[in-house]
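The values are calculated or read from the model by the stated rules, or taken from the named source; none is laboratory data. All values derive from a computational prediction rather than experimental measurement. We place every Cβ from the backbone using ideal geometry, glycine too, and count neighbours over all the protein chains shown. Remember, those area values only see protein heavy atoms, side chains included, never the ligands or the DNA or RNA. Shrake-Rupley method; radii C 1.70, N 1.55, O 1.52, S 1.80 Å.
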Amino acid sequence: MIRAKILGTGRGLPERVVTNDDLAEFLDTSDTWIRERTGICQRRIAAKETLLELCEEAARQAMDQSGVEAGELDMIIAATLTADHPLPNLSSSLQRVLGADNAVCFDLSAACSGFIFALTTAQMYIQSGHAKKVLVLGGEILSKIMDWTDRSTCILFGDGAGAAVVGVSENEQGILAADLGSNGKKGSVLSLPGRPVENPFRPAEKGPEKCYVHMEGQEVFKFAVSQVPASIRKLLEESGKSIADVDCFVLHQANLRIIRSAAKRLKAPEEKFFINMERYGNTSAASVPIALDEGIRSGRIKKGDLIVLSGFGGGLTWGSMLVQM
Ligand code: COA
């Protein structure tokens, strides 16, 4: 069987660092509250960058690390909620700036699980022999869909992009298994309204003037702390692996308390969980690839390690993946 493998990773982050104290200058909040409830100390905010620029940086790093040239890519999949514009799609814009003329390009929307869904899609194309080299991205400028007067939501999020080049494995290493899921019945707990339909054949509807993320924090929290461990347990059981076999867990960086709770429920040592949310906050589809890239480049994740990637968020959606690096 053909197996897909992560050949290289990269990340692109805005320059502007925004601390909790910076937020407390215009919101009724404090560094202590945010740190204690979330583990977040600062985040990056796109004060001048576009999402395309952040993704291009991440993509170039991933291509450099993997030694793959733009012309070799036969697919680009970008997971995002916040493309700079709906048309052309982000992946085709990336194709243009990278010169990846042979790639088929499409965007994918699965909120904070987006990167895992995109990586699984790449895996399927590679395993079925329909693609050989795929660039997968998760990127968001969430700051443009935040209500900056809503202290219970805007303090959580940040902007950024992460990328991976996926190719054919030459050995037994690579993407071993994935578990994806969705629960549309619970979708309203994390939502973003769209523009109302306007056409000459329909009575005018009053829509929201600005479209912001709406979140029921405690409901999202409950979903995450039950669904993430369940998905990881299922993934490991089906793969014949145990918690002890896993060298590193790279979970979506939403909240330190969610990761601690997942570790406890899985009976896994907290030290096995990669954490960088204190510096970036929750970057939605970008959080798993940014963490993966930092884990690899810092030497925390090494060749041969068995790792679990796991994302969860709006939809509701979730996805976990077992990878032998
Ligand atoms: N600063 C200070 N106080 C704040 C605050 C802030 N930034 N945000 C909310 N509060 C207040 C609330 O108004 C409330 O005050 P009250 O008791 O006077 O009514 C109090 O803090 C407790 O609010 P609550 O919503 O119960 O806090 P919480 O412990 O549930 O923490 C979240 C809130 C958002 C941090 C938490 O629910 C969470 O992280 N949920 C998951 C969200 C998530 O991960 N989303 C993305 C998933 S992809």
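Observations
- Within the stretch 216-241, residues that are acidic (Asp, Glu) have Cβ atoms under 8 Å from residues that are not in a helix (DSSP H, G or I) in these pairs: Glu216/Leu190; Glu238/Ala177; Glu238/Asp179, counting only partners at least 6 apart in sequence or on another chain.
- Of the residues making up the stretch 258-291, those that are touching a Lys or Arg at 6+ places or on another chain (Cβ under 7 Å) and within 14 Å of the ligand (Cβ to nearest atom) are Tyr280, Gly281.
- Subset of the stretch 109-140 (residues that are within 16 Å of the ligand (Cβ to nearest atom), closer than 18 Å to Met321 by Cβ and not small (Gly, Ala, Ser)): Cys112, Phe115, Ile116, Phe117
- Per this entry, Glu49 is counted among residues that are of a type outside the set (A, V, I, L, M, F, W, C), in a loop (DSSP other than H, G, I, E, B) and away from the ligand (no atom under 16 Å from the Cβ).
- Filter result (crowded, with 20+ Cβ neighbours inside 10 Å and away from the ligand (no atom under 16 Å from the Cβ)) within the stretch 145-168: Ala161, Ala163, Ala164, Val165, Val166, Gly167
- Considering the stretch 4-34, and only residues there that are assigned to a strand (DSSP E or B) and polar (S, T, N, Q), the residue that is least open to solvent (accessible area, probe 1.4 Å) turns out to be Thr9.
- Number of residues in the stretch 35-44 that are assigned to a loop (DSSP other than H, G, I, E, B) and more than 19 Å from Arg151 (Cβ to Cβ): the value is 0.
- Meets criteria (within 15 Å of the ligand (Cβ to nearest atom) and open to solvent by 10 Å² or more (accessible area, probe 1.4 Å)) for Leu316: no
- When the criteria are applied in full, Arg44 meets the requirement of being modelled with pLDDT of 95 or more, away from the ligand (no atom under 16 Å from the Cβ), buried (at least 16 other Cβ atoms within 10 Å of the Cβ) and of a type outside the set (Gly, Ala, Ser).
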